[in-house]
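Here's the structure we're looking at; comments come further down.
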Amino acid sequence: MLSPYRVLDLTTERGLLCGQMLGDMGADVIKVEPPGGCSARSIGPFYKDAPHPDRSLYWWAYNRNKRAITLDIERDGGRDLLRRLIEHADFLIESHNPGYLSERNLGFADLTRINPALIYVSITPFGQDGPKATYADSDLIILAAGGPLILAGDADRPPVRLCIPQAYLHASTDAAVAALAAHHERARSGLGQHIDVAAQQSVAMATQAYVLAAPLGSPEARRMSGGVKFGPLDIPLVWPAKDGYVAMTFLFGSALGIFTAKLMHFLCEQGFCDEATRDKDWIAYGEQLLSGAEPLSEFERVKEIVRKFTCSHTKAELLQLAVDRGFLITPVTTIEEVVESPQFESRGYFQDVAHPELGQSFRYPGPFAKFSATPIEYRLRPPSIGEHNSEIYRDELGLSEREMAELTQTGII
């Protein structure tokens, strides 16, 4: 799909996924790293627990379908080489702090003088401008600033961060989509543009409709372990099973109350509740609770009935009931269950990628989408440091062996 196009990927761990997505779609992605390697190579865990820049599983996760070169853009010689690469590039992705590349004459205005068609993508914590543009960041800070953190954790203590960093994954996917939108526009105008992606804005979308509560004057959603607090209501979204947990929609209103009514009829059949409980108005039940017509203590009693039901079945049994009866229940899977998922296996999701340097193949998560005419292929394993220096500098830029040796000796590449 993108095989005629070249991407220069100057990102750190802030934006690696963006280049990988473009590479998965066929673009020639050149990962530009400082001599010694990108900082993301130091992030564990590591293959066989042996810290090494070429064995970081984090690095492997976000750098397939890329070639790699080393280049010191702090040096004049390094910047000159980057400008030569820009002449034939279609995209540049970077995740430095605002102003960092401009101070080195490598900003959007500088590079589009060389290549007016260049699409220049910047991924930062808070964007290129505004009062927070220069603030320090972490995944915790961005999720806090963007809103999702307020929903994570228990009601009786401060919010907790997600165990796996998410902010820059949101920003990176937004950046990939934006890059392709700009590419579509470039087909008309022939000109590139600067894309400014702020991770704070990307993660704000992860609050779903809750981010609209304040401007619309709606009750604010608050965190509750395994659910959400809405006004006075503690609404579980995760329920215990015999062998783990299930996600279950036990909600009310015209859209979801019919499923709750169906569930309560089944619970009555199974002896978990009486007919009076079964026959509550599950469509209007939320309004009754908020108005006080139905006491909250009664809702707590009903939740305990449902909890006893879920606890009496395994995840597989609850899933089968959901399929047979039309309940809104799905198992909360473990990592091992995801890896062994029959659904993923049937779709050929996990793919083996050979690492000849280690004499082994590893199972990688599959493509982010299935394309019928142009399927995503894992052409390249994640590159080692400077693996393609000779291929790109000598064979493509035309540098001589002597020039290559000098650049290596002086630490520019």
Exercise for review: Report, ordered by the first and then the second residue, all pairs with beta carbons closer than 7 Å, sequence separation of six or more or different chains, a first member in the range 1-27 that is within 21 Å of N115 (Cα to Cα) and acidic (D, E), and a second member that is assigned to a loop (DSSP other than H, G, I, E, B) and open to solvent by 10 Å² or more (accessible area, probe 1.4 Å).
Suggested key: none
Study note, to complete from the structure: Here the residues within the range 374-405 that are without any contact (Cβ under 8 Å) to a residue 24 or more places away in the chain and small (G, A, S) are S390, G398, S400, A405
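Looking at this structure, is V323 more than 29 Å from R363 (Cα to Cα) and either open to solvent by 70 Å² or more (accessible area, probe 1.4 Å) or not small (G, A, S) (or both)?
Spelling it out, V323 is indeed more than 29 Å from R363 (Cα to Cα) and either open to solvent by 70 Å² or more (accessible area, probe 1.4 Å) or not small (G, A, S) (or both).
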**Study point:** Elements of type helices (runs of 4 or more DSSP H) in the range 142-243, at least 2 residues being hydrophobic (A, V, I, L, M, F, W, C) and crowded, with 17+ Cβ neighbours inside 10 Å
**Key:** 167-189, 199-204
Exercise for review: Considering (1) free of Cβ contacts under 8 Å to residues at least 60 places away in the same chain; (2) open to solvent by 60 Å² or more (accessible area, probe 1.4 Å), say which one F371 fails and leave the rest.
Suggested key: (1)
Study note, to complete from the structure: Picked from the range 337-356 (must be in contact (Cβ under 8 Å) with a residue 24 or more places away in the chain and of a type in the set (V, I, T)), the residue most open to solvent (accessible area, probe 1.4 Å) is V339
Check your understanding: When both residues are 6+ apart or on different chains and their Cβ atoms are under 8 Å apart, which pairs have a first residue that lies in the range 186-200 and is on the phi > 0 side of the Ramachandran plot, and a second that is in a loop (DSSP other than H, G, I, E, B) and surrounded by fewer than 17 Cβ atoms within 10 Å (Cβ to Cβ)?
Key -> G190/P116; G190/A117
Practice item. Could you tell me which residue of the range 374-404 is nearest to R41 (Cα to Cα), considering only residues that are acidic (D, E) and surrounded by 11 or more Cβ atoms within 10 Å (Cβ to Cβ)? Key: E387
Revision key, fill the gap. A careful count of residues in the range 327-336 that are surrounded by 12 or more Cβ atoms within 10 Å (Cβ to Cβ) and either in a helix (DSSP H, G or I) or in contact with a helix residue (DSSP H, G or I) (Cβ under 7 Å, 6 or more places away or on another chain) (or both) gives 5
Check your understanding: Got a sec? Which of I283, I258 is open to solvent by 50 Å² or more (accessible area, probe 1.4 Å) and not in a loop (DSSP other than H, G, I, E, B)?
Key -> I258
Review point. Hey, among the residues in the range 337-378 that are aromatic (F, W, Y) and assigned to a strand (DSSP E or B), which one's farthest from L17 (Cα to Cα)?
Key: F362
Point to revise | Segments classed as helices (runs of 4 or more DSSP H), wholly inside the range 1-103, with at least 1 members that are under 30 Å from S372 (Cα atoms), touching a helix residue (DSSP H, G or I) at 6+ places or on another chain (Cβ under 7 Å) and not aliphatic (A, V, I, L, M) | key: 16-24, 57-61
Revision key, fill the gap. Filtering the range 45-66 down to residues that are open to solvent by less than 20 Å² (accessible area, probe 1.4 Å) and either without any contact (Cβ under 8 Å) to a residue 24 or more places away in the chain or over 21 Å from P365 (Cβ atoms) (or both) yields S56
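The values are calculated or read from the model by the stated rules, or taken from the named source; none is laboratory data. The structure presented is a predicted model; accordingly, all values stated were derived computationally and were not measured. Neighbour counts are summed over all protein chains in view; Cβ atoms, including those assigned to glycine, are modelled from backbone coordinates with ideal geometry. With ligands, DNA and RNA removed, areas are computed over all heavy atoms of the protein, side chains included. Shrake-Rupley method; radii C 1.70, N 1.55, O 1.52, S 1.80 Å.
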